[in-house]
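Data block below; observations after.
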Amino acid sequence: MQLLQTTDKDFSVKFKTLVSDRREVTVDVSGTVREILADVKVRGDAAVKDYTSRFDRNNLQSLHLSETFIAEHATQCPADVLAALEFAAERIVAFHEKQVPQDIGYTDAVGVKLGLNWIALSQVGIYVPGGRASYPSSLLMNALPAKIAGVERIVMTVPMPGGEINPVVLAAAQVAGVTEIYGIGGAQAIAALAYGTESIAPVDKIVGPGNAYVAEAKRQVFGTVGIDSIAGPSEILVVADSQNNPDWIAWDLLSQAEHDPSAQSILITDSEIFAQQVIKAVEKIIANLPTREVASASWQNYAAVILVSDLAESIPLLNQLAPEHVELCVDNPQLLADQIKCAGSVFLGRYTPEAIGDYLGGPNHILPTARSARFASGLSVYDFLKRITFLECNQESLQTIGKAAITLAEAEGLPAHAGSVSVRLQ
Ligand SMILES: NC(=O)c1ccc[n+]([C@@H]2O[C@H](COP(=O)([O-])OP(=O)(O)OC[C@H]3O[C@@H](n4cnc5c(N)ncnc54)[C@H](O)[C@@H]3O)[C@@H](O)[C@H]2O)c1
Ligand SMILES: N[C@H](CO)Cc1c[nH]c[nH+]1
Ligand SMILES: [Zn+2]
């Protein structure tokens, strides 16, 4: 891992490369994705099957996974794993149930009735990644908030590389009550959900994480359908002082690196000795780790240890990076946490490894990446709800507020607007 010091002359140039929001969106990916989307829009199931054969080495007869297939595979999930899924689901549900918002309804001082109702989306697509690893945890994080919001139709896609699926994914689907499942992934799955095919009816919104192809496909279908946020290749930024065990921090950095060659891991510390200890620990772990992504050159390009003279300096750097996950491994982490403006999710103290949040802390692990935490938030119940507002005047209240509306309509040069109010005032 490269070591950068904020006092170096070229620090700002090097830091800029870490901040680049183009890390996961190469021209190559957006061009490939555009072609896949256009092809699926025209050729439907046939195109989805072609790409699934090419990218997932899976020659599907049917995109849909039958009830029997799901049940047979789900029963292969070991009992201890099923119990852990159920435990995780309980914690995720408990946190997300607290998010359900209240409708608004009141009559104002002049007698106008006003209201705002939260309405669940009717049909959503949830993307469960499955290229390099399988993600039953992402299935729970996607589906449980949708269920709590009251979504009627939840359509899940999950790639099945080589025609295989981890039984734990299908057990998680049963825990979450997801039944409409298609064994497809990547941009072709996003296209099928957005445009529909012969065998998949289109949805209104697509949520969920995925690699650079999935993230780019969600960007490109936005407008045809809603999307949650860009939840692409994982990121972690650890702020740690020298009182930490370097091995613990090294594992934390690698926990996100192992997701993807485009993942990003950054440590900010105020101790050069500690920085060197963590770099060494990372190298030692990588040498013995079976996961290939962490050793890849592209991961190393986006990974760094930044040496600051005071940990207070970490805050402006962090807010610029807007990382998916932040760990604050310091005493009194709340002091730093209160100053964070841009991050997906924050983990406080030395005993809250980010991996706990990945599985069962409670908050959602589907979080904005590629600096989109500047304007977006993690998945929540709100993503599955929309709002409709209501307004009711009576003859008296229209008299009271109508004249100002006529004045504004005339000021905008829109006489029919003015007329539709004034005819009611006579
Ligand atoms: N930000 C979050 O909230 C969050 C949560 C969980 C996982 N993740 C991320 O999800 C991702 C999972 O990635 P994954 O690859 O394991 O699974 P994935 O399901 O996202 O991607 C697999 C699909 O990518 C497509 N693909 C692969 N190579 C391609 C190519 N050359 N051309 C066109 N399409 C291609 C294939 O269609 C394949 O089905 C990781 O990047 C991980 O960091 C993010
Ligand atoms: N760290 C991922 C989000 O970036 C979520 C995850 C699922 N399983 C393991 N990790
Ligand atoms: Zn993870």
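I'd like to know which of S262, P233, A192 lies farthest towards the positive end of the charge dipole of the chain, counting +1 on Cβ of Lys and Arg and -1 on Cβ of Asp and Glu. Highest projection toward the positive end goes to A192. This model, with +1 at the C-beta of Lys and Arg and -1 at the C-beta of Asp and Glu, gives region 30-227 a dipole about its Cα centre of some 500 debye. Taking other C-beta atoms within 10 angstrom as a stand-in for reagent exposure, T17, T52 fall in the order T17, T52, fewest first.
Relative to the 2.2 N^0.38 Å rule of thumb, region 327-426 has a C-alpha radius of gyration ratio of 1.99. Relative contact order for the chain: 20 percent, from Cα pairs under 8 Å spaced at least 6 residues apart, divided by residue count.
Mind checking region 74-172 for trypsin sites (Lys or Arg not before Pro) that DSSP puts in a loop (not H, G, I, E or B) and that have at most 10 other Cβ atoms within 10 Å? Taking region 74-172 and a limit of 10 other Cβ atoms within 10 Å, the loop trypsin sites (Lys or Arg not before Pro) found are K98. Net charge in the neighbourhood of N364 (other residues with Cβ under 10 Å of its Cβ; Lys, Arg +1, Asp, Glu -1) is -2. Cβ-to-Cβ counts within 10 Å put V100, V423 in ascending order as V423, V100, the fewest first.
In the chain, a dipole from Cβ-located charges (positive for Lys and Arg, negative for Asp and Glu) runs towards its positive end, and of G223, N59, Q339 it is G223 whose Cα lies farthest in that direction.
Let me make sure I get this right: for region 352-400, a, b and c are the square roots of the gyration tensor eigenvalues over alpha carbons, sorted descending. Under 1.5 in a/c it's rounded, otherwise prolate if a/b > b/c, else oblate. Which is it? Verdict is prolate for region 352-400.
Within a Cβ distance under 11 Å of G111, other residues only, what is the Lys/Arg minus Asp/Glu net charge?
Working: positive: K113; negative: D108, E392, E396.
Around G111, the charge tally is -2.
The overall shape of region 30-227 is oblate: from the C-alpha gyration tensor, with semi-axes ordered a ≥ b ≥ c, the ratio a/c is 1.5 or greater and a/b is no larger than b/c. By the rule of a C-alpha distance below 20 Å, with chain neighbours fewer than 8 residues away ignored, the lysines paired with K16 are K341. For the cross-link pairs K113/K403; K41/K147; K98/K205, the ones whose C-alpha atoms lie over 26 Å apart are K41/K147.
Whole-Hz Karplus values for region 105-113 come out as x, 7, 10, 7, 4, 9, x, 7, 8 Hz, taken residue by residue from phi with 6.51 cos²θ - 1.76 cosθ + 1.60 and θ = phi - 60°; glycine and proline positions read x. Rg and Dmax, both from the Cα atoms of region 1-87 and both in Å, are 22.5, 63. Looking at region 84-181, the DSSP beta bridges with both ends there are about 35 percent antiparallel. Sort region 171-279 into rounded, prolate or oblate with this rule: let a ≥ b ≥ c be the square roots of the eigenvalues of the Cα gyration tensor; rounded if a/c is under 1.5, and if a/c is not under 1.5, prolate when a/b is larger than b/c, oblate otherwise. It comes out prolate by the Cα gyration axes. Where both bridge residues fall in the chain, DSSP classifies roughly 25% of the beta bridges as antiparallel.
The fewest-to-most ranking of I230, I279 by surrounding Cβ atoms within 10 Å reads I279, I230. For the chain, the calculated P(r) over all alpha carbon pairs, in 20 Å bins from 0 to the bin holding the longest distance, is 24, 48, 23, 5, 0 percent. Calculated [222 nm] ellipticity per residue, helices only, for the chain: -13500 deg cm²/dmol; basis is -39500 (n - 2.57) per DSSP H run with n ≥ 4, divided by all residues, nearest 500.
Using θ = phi - 60° in the Karplus curve 6.51 cos²θ - 1.76 cosθ + 1.60, the 3J(HN,Hα) couplings for region 150-164 round to x, 5, 7, 10, 10, 10, 10, 10, 8, x, 10, x, x, x, 9 Hz; x is entered for Gly and Pro. Dipole orientation for the chain: of the candidates Q395, F384, M160, Q395 has the Cα lying most toward the positive pole (charges on Cβ; Lys, Arg +1; Asp, Glu -1).
Values in this text are rule-based calculations from the coordinates and carry no lab data. This structure is a prediction, so every number in the text was calculated from the model and none was measured. Cβ atoms come from the backbone with ideal geometry, glycine included; neighbour counts cover every protein chain shown.
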